[in-house]
1. Pairs, please: C-beta under 6 Å, at least 6 apart or cross-chain, first residue in contact (Cβ under 8 Å) with a residue 60 or more places away in the chain and in region 88-103, second of a type in the set (Lys, Arg)?
2. Scan the helices (runs of 4 or more DSSP H) fully inside region 1-108 and keep the ones with 2 or more residues being at pLDDT 85 or above and over 17 Å from ASN121 (Cβ atoms).
Amino acid sequence: MKLLKTKHTLLLSIITFCITSICNAQEGVISINQDEEITRLLELKKEINTNEDANDRYKIQIFSGRRGAAETEQTDFNNEYVQWTSKLVYETPNYKVWVGSFKSRLEADRALLKVKNKFPNAFIFKPKIKKEL
């Protein structure tokens with residue numbers, strides 16, 4: 001009886017070894033050859049997309065008024081929301097606090113929902129293109 005258990009164990013071990021060696025045989029190597037110009041173009045696109053002053057981007061205005069109050073609001077915003085940058089802009093006769101630089105309206109809407117918790121008068125806008133003569 002003991003000899004029969006040993007044979008079964010040996011046979012089971014051999015079968016297990018064969019199955020595991022077959023399962024591990026499914027490995028391969030992939031190599032990608034691409035033109036170096038593609039990498040350069042991707043870097044250029046990243047640089048263009050990170051331009052914060054692009055006029056085709058959406059921004060959120062959280063305040064418009066006197067300079068002292070605008071600076072206070074900007075400081076409060078910077079302390080509360082570190083993921084977006086803020087900018088103090090002067091447009092006669094008010095100082096305005098603009099935040100973020102969003103590529104799409106949807107992205108700006110999502111940010112506005114978060115910003116409105118602390119700044120209920122905030123709204124989304126797209127800056128006018130300044131034409132230089």
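The values are calculated or read from the model by the stated rules, or taken from the named source; none is laboratory data. The model shown is predicted, which means the values in this text are computed figures rather than measured ones. So basically every Cβ, Gly included, is an ideal-geometry build from the backbone, and we count neighbours across all protein chains shown.
1. Listed pairs, sorted by first residue: none to list.
2. Details: elements: 2-23, 36-49, 67-80.
Filter on region 1-108 gives 36-49, 67-80.
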